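See structure below.
Rule-based calculations on the coordinates, nothing more; no lab input. Note that this is a predicted model, so its numbers are computed, not measured. Cβ placement follows ideal geometry from the backbone for every residue including glycine, while neighbour counts extend to all protein chains displayed.
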Amino acid sequence: MNRDVSSLSALQRPTRVRYGVLGFACALSMITYLDRVCIASSVTPMMEALGLKSAAQLDWAFAAFAFAYALFEIPSGWLGDVYGPRRTLIRIVLWWSVFTALTGMTGLIGGLTFLIVIRFLFGMGEAGAYPNITRALHNWFPFTERGFAQGAVWMAGRLMGGLTPLLWLLVVEGIYWTHTGADGAESQKPLFGPVLHWRATFFLFGILGIAWCLLFSRWFRNRPEKNPSVNTAELALIQAGRSDTGAGHAHVPWMRLLRSRNLWALCLMYFCAAFGWYFNITYLPHFLEQRGVDRHSALGALYKGGPLWLGAIACLLGGFLTDAFIRRTGSRKWGRRLFGVIGHGLCAVCCFLAFLYPSDPFSVFLFISLAAFWNDLTMGAAWAACQDIGLRYAAIVAGCMNFIGNLGGAAVGKVTGFIIRQTLAAHAAGAGLAVDQLTPEQRNIAELLGYKINFFMFGVAYLLAVALWLYFDSTKPVVPEEGGKTS
């Protein structure tokens, strides 16, 4: 359906259908994080089911998801640019929902190798979710609202990621209270739950994704002009100042993408950011449990989800601030760059503080949560920058950034586990023991040193991200539009 947006638009108040698109995108972002973060909460029962002694033995499972997620980002982004985000997102969500459900079969029909394969296939399916959300938002939002829209999407995801440990506690673990008997002996009594076995919970989470697909397929259209509920005023608002209002593009200038130093700077920045951030959804919950945080307490769930709770606030705030700066100053270059430099610079400070106080669970919780806040202050700017320099290839550019970024997530999953295993081996050798012979106290001391080394590495990675932000320029598109217009 083609409409003349130059007539009637001045006489109408714009409809707000684009915010319905944003609502679907936010809901998908929440499901995405629910499905990817829940494995961190399930580490303890999974270790029991698999007969493992250390969370470091799950490093390949953590890395398999991130590696597959990274590997298939660009192909999924290409599909979104060519065929539209509607068809691509439905395929993505259906695929990953199946493998979310199958994760609950770990230990029943397969062991650690089975889990690694399932996590790889899960990551393959989830790849492209955010690039295609970015493509949908690019089609539906004017550039002055892109930072807010991207920030809202990431806020929703981080919020659900923060809620997942609490949800897991209520559904799977249950909340307990300490009861003192007549003989003075203390025992744990259930206050609420558990409701479902941890295996059934993975199945339930998979069903949520399928339900989203059914609703999304009935309502969403790839472009606003295809939705009859969009009036001419809203269409004019969305299309103002842009030239790429056509359909997708099969002929992608891959060499222009590969030679773009600007794009490489953005991608490597995201690698550094993911390298520092992935700890929050992999090792952090188990790390806190080892430091004495009760897995059956609401406070423990708050500790585990704290980085994502604060990150949710920062995502929305950062998206609002980057748009407000651009509207006020007219500088898109510094409107994206400034918040990246501030955010990742303060991330580095927080990680170095965690390095100084690794044995106190509250200090680690505080500093890692603050690092997550400052990291996520950059999210709106980073993903809006994909639209700024990607233009009609926004999903592919976003896929490139997320591909390289999640290689950082895959790398840190392996590196963190490797360092912890090395400190365990060194401590055992110093005591003249095998690693399996270490007492829980000795194992705790050795692993603490490994985590301390990792916190320092995260800080260094964030400093590199600052340098890359200073190089990046969001006013230089990879492939400029004809006539010099940007969108």
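Relative to the current alpha-carbon distance between LYS333 and LEU299, full extension at 0.36 nm per residue lengthens the span by 8.1 nm. A simple spin-label model places the labels of LEU433 and LYS226 6.3 nm from each other, with each point 7 Å out along Cα-to-Cβ.
Could you compute the FRET efficiency for GLN12 and TRP254, with r as their C-beta to C-beta distance and R0 at 56 Å, rounded to 0.05? Numbers along the way, then the final one.
Values: r = 42 Å, r/R0 = 0.74.
According to the calculation, E is roughly 0.85.
Note on volume of the Cα convex hull per residue in Å³: of the candidates [x] 155; [y] 203; [z] 171, the value calculated from this structure sits at [x]. In terms of the mean number of neighbouring beta-carbon atoms within 10 Å, the peptides 389-397, 95-103 order highest first as 389-397, 95-103. Per the Debye formula on identical point scatterers at the alpha carbon atoms of segment 334-487, with no solvent, log10 I(q)/I(0) at q = 0.09, 0.12, 0.18 Å⁻¹ is -0.41, -0.64, -1.06. Each listed q (0.12 Å⁻¹) maps to a log10 I(q)/I(0) for segment 95-166, found by the Debye formula over equal Cα scatterers with no solvent: -0.49. Compared with the dominant Cα axis of the chain, that is its longest principal axis, helix 17-41 is turned about 20°. Here ILE90 and PHE456 are evaluated by their C-beta separation; at R0 = 56 Å the FRET efficiency comes out at 0.85.
With a simple spin-label model that places each label point 7 Å from the Cα along the Cα-to-Cβ direction, the separation between VAL117 and ILE210 comes to 2.2 nm. Computed from Cα atoms, the angle from the helix 261-277 axis to the main principal axis of the chain rounds to 30 degrees. With a Förster radius of 22 Å applied to the beta-carbon distance between SER363 and LYS53, the computed FRET efficiency rounds to 0.25.
Divide by every residue of the chain the summed helix terms, -39500 (n - 2.57) for each DSSP H run of at least 4, and state the resulting mean residue ellipticity at 222 nm, rounded to the nearest 500 deg cm²/dmol. Intermediate results must be reported in sequence, preceding the final value.
On the way: 19 runs with 340 residues, N = 487.
Only helices count here, giving -23500 deg cm²/dmol.
For the listed peptides 253-261, 306-314, 411-419, 200-208, a ranking on the average number of other beta carbons within 10 Å per residue, highest first, reads 306-314, 411-419, 200-208, 253-261. Binning all Cα-Cα separations of segment 5-76 at 5 Å, short to long from zero, yields these whole-percent fractions: 3, 11, 13, 14, 13, 10, 9, 7, 6, 5, 4, 3, 3, 1.
Kindly state, as a whole number, the per residue volume in cubic angstrom of the convex hull around the alpha carbon atoms of segment 262-402.
Values: hull volume 14.8 nm³, N = 141.
Here the figure is 105 Å³ per residue.
Computed from the C-alpha gyration tensor, the three semi-axes of the ellipsoid equivalent to segment 398-487 are 45, 13, 7 Å, from longest to shortest.
Can you pull a Stokes-Einstein diffusion coefficient for segment 27-128 at 25 °C (0.890 mPa s), Rh from Kirkwood over Cα pairs, as a whole number of µm²/s? Could the numbers behind the result be given before it?
Working: Rh = 14.1 Å.
So the translational diffusion coefficient is about 175 µm²/s.
Here each label is just a point 7 Å from Cα along the line to Cβ, and for LYS414 and ALA467 those points are 2.3 nm apart. Angle of helix 129-140 to the longest C-alpha principal axis of the chain, folded into 0 to 90 degrees and rounded to 10: 30°. Segment 269-330 has equivalent-ellipsoid semi-axes of 32, 15, 5 Å, by the square roots of 5 times the alpha carbon gyration tensor eigenvalues, sorted largest first.
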